[in-house]
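Peer 1: One structure follows; several queries about it will come next.
The values are calculated or read from the model by the stated rules, or taken from the named source; none is laboratory data. Since this is a predicted model, take the numbers as computed values, not measurements. So basically every Cβ, Gly included, is an ideal-geometry build from the backbone, and we count neighbours across all protein chains shown.
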Amino acid sequence: MPGVCNAKLSPLAISWQLPADVEGELKQKNFNVVQRAVDTFAWQEFIALNWPAIGGDGDRGVPDKNLAINAPGPRVWETWKETSEVYLPNGAVPQPWNSNEPLPNGLKGDGSTKILFRQSKVDEVLNDEFQPTKADGALPGTLTDRWGNVVRYEIRMNKVLFDYVVENKLYNPEQQALLPEIDAPDGSILIKALGGKLPRRNPAVFTMYRPMCRI
């Protein structure tokens, strides 16, 4: 398509490199070229975020350039900060970016295994991990699959957004109220993901399985 429109767009690549912006900055005159540029950007972003992450401590959010995209293990976005690590009781200061993700209360482990526990995809003031009701206070704020299992969510932010929150003390509700506006910098990403119980394992499709728990 780009050749027909006399436009030069980079081909889609299987790469760990996260694109910074849509090629051409949406300034192309031909709508079809703009759409193709946006589509390519979206796919490159998806591929990069789902690249295997470097394992071990001290490397959260870093892709492993030596692995192929289908290698088993946590993906880059899975190692970002969960919002439950950022927005703490009493507006406490979050731990540094590369600190290990703590386990939910009542669970034990070395922190190397991620456990899905969040039962709602929205954050509220009272509890960031579990929302018992929707806005009207009458219905459960959870989602069940067709087998009746409650699905689990996770909400994660990349280092760009995390640094902005920490530098501006936006983890504290009182500080949020003092700012005239919140303007996250370019490159900020917040991801909401859903996990559910699988009827069977399929290593040809899934690269990682996670335990789920009730809290």
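Peer 1: I'm trying to understand the selection: among the residues of region 35-51, which are within 20 Å of GLY187 (Cα to Cα) and either basic (Lys, Arg) or touching a residue at least 12 places away in the same chain (Cβ under 8 Å) (or both)?
Peer 2: Pass one, region 35-51, residues within 20 Å of GLY187 (Cα to Cα): 37-51.
Result: ALA37, VAL38, THR40, PHE41, TRP43, GLN44, GLU45, ILE47, ALA48, LEU49, ASN50, TRP51.
Peer 1: Can you work out which of the residues in region 82-113 that are closer than 22 Å to LEU161 by Cβ and touching a Ser or Thr at 6+ places or on another chain (Cβ under 9 Å) is modelled with the lowest pLDDT?
Peer 2: Residue satisfying both the conditions and the ranking: PRO102.
Peer 1: Identify the residue in region 19-38 that is out of contact with any Cys (no Cβ under 8 Å at 6 or more places or on another chain), outside any loop (DSSP other than H, G, I, E, B) and β-branched (Val, Ile, Thr) and, among all such residues, is modelled with the highest pLDDT.
Peer 2: Kept after step one, since they are out of contact with any Cys (no Cβ under 8 Å at 6 or more places or on another chain), are these residues of region 19-38: 19-29, 31, 34-38.
Cutting the leftovers down to outside any loop (DSSP other than H, G, I, E, B) gives us 23-26, 31, 34-38.
This time we only want the ones that are β-branched (Val, Ile, Thr), so: 34, 38.
Working: VAL34: 88, VAL38: 92.
For region 19-38, the residue satisfying everything is VAL38.
Peer 1: Quick one: would you say PHE41 is at pLDDT 90 or above, of a type in the set (A, V, I, L, M, F, W, C) and within 28 Å of SER15 (Cβ to Cβ)? First the steps, then the outcome.
Peer 2: Working: at pLDDT 90 or above: yes; of a type in the set (A, V, I, L, M, F, W, C): yes; within 28 Å of SER15 (Cβ to Cβ): yes.
Yes.
Peer 1: Still on this structure: So is TRP16 under 17 Å from the mean Cα position of the chain (by Cα), touching a residue at least 24 places away in the same chain (Cβ under 8 Å) and not in a loop (DSSP other than H, G, I, E, B) or not?
Peer 2: no
Peer 1: Can you confirm whether region 50-62 contains a residue that is modelled with pLDDT of 80 or more and surrounded by fewer than 14 Cβ atoms within 10 Å (Cβ to Cβ)? Walk me through how you get there before you give the answer.
Peer 2: In the first step, residues of region 50-62 are kept if they are modelled with pLDDT of 80 or more; the result is 50-54, 59-62.
Keeping just the survivors that are surrounded by fewer than 14 Cβ atoms within 10 Å (Cβ to Cβ) gives 59.
So far as region 50-62 goes, yes, one or more of its residues are modelled with pLDDT of 80 or more and surrounded by fewer than 14 Cβ atoms within 10 Å (Cβ to Cβ).
Peer 1: Based on this model, can you work out whether VAL93 counts as under 22 Å from ASN50 (Cβ atoms) and either under 13 Å from the mean Cα position of the chain (by Cα) or not acidic (Asp, Glu) (or both)? It would help to see each step written out before you state the result.
Peer 2: Numbers: under 22 Å from ASN50 (Cβ atoms): no; either under 13 Å from the mean Cα position of the chain (by Cα) or not acidic (Asp, Glu) (or both): yes.
Criteria not met by VAL93.
Peer 1: Does region 141-154 contain at least one residue that is closer than 19 Å to VAL76 by Cβ, modelled with pLDDT of 60 or more and either in a loop (DSSP other than H, G, I, E, B) or out of contact with any Phe, Trp or Tyr (no Cβ under 7 Å at 6 or more places or on another chain) (or both)?
Peer 2: So in region 141-154, the residues closer than 19 Å to VAL76 by Cβ come out as 153-154.
In the following step, the residues that additionally are modelled with pLDDT of 60 or more were identified as 153-154.
If we keep only those that are either in a loop (DSSP other than H, G, I, E, B) or out of contact with any Phe, Trp or Tyr (no Cβ under 7 Å at 6 or more places or on another chain) (or both) as well, we get 153-154.
Taking every residue of region 141-154 in turn, at least one turns out to be closer than 19 Å to VAL76 by Cβ, modelled with pLDDT of 60 or more and either in a loop (DSSP other than H, G, I, E, B) or out of contact with any Phe, Trp or Tyr (no Cβ under 7 Å at 6 or more places or on another chain) (or both).
Peer 1: For region 140-176: of the residues being surrounded by fewer than 16 Cβ atoms within 10 Å (Cβ to Cβ) and of a type in the set (Val, Ile, Thr), which is nearest to ASN90 (Cα to Cα)?
Peer 2: VAL160
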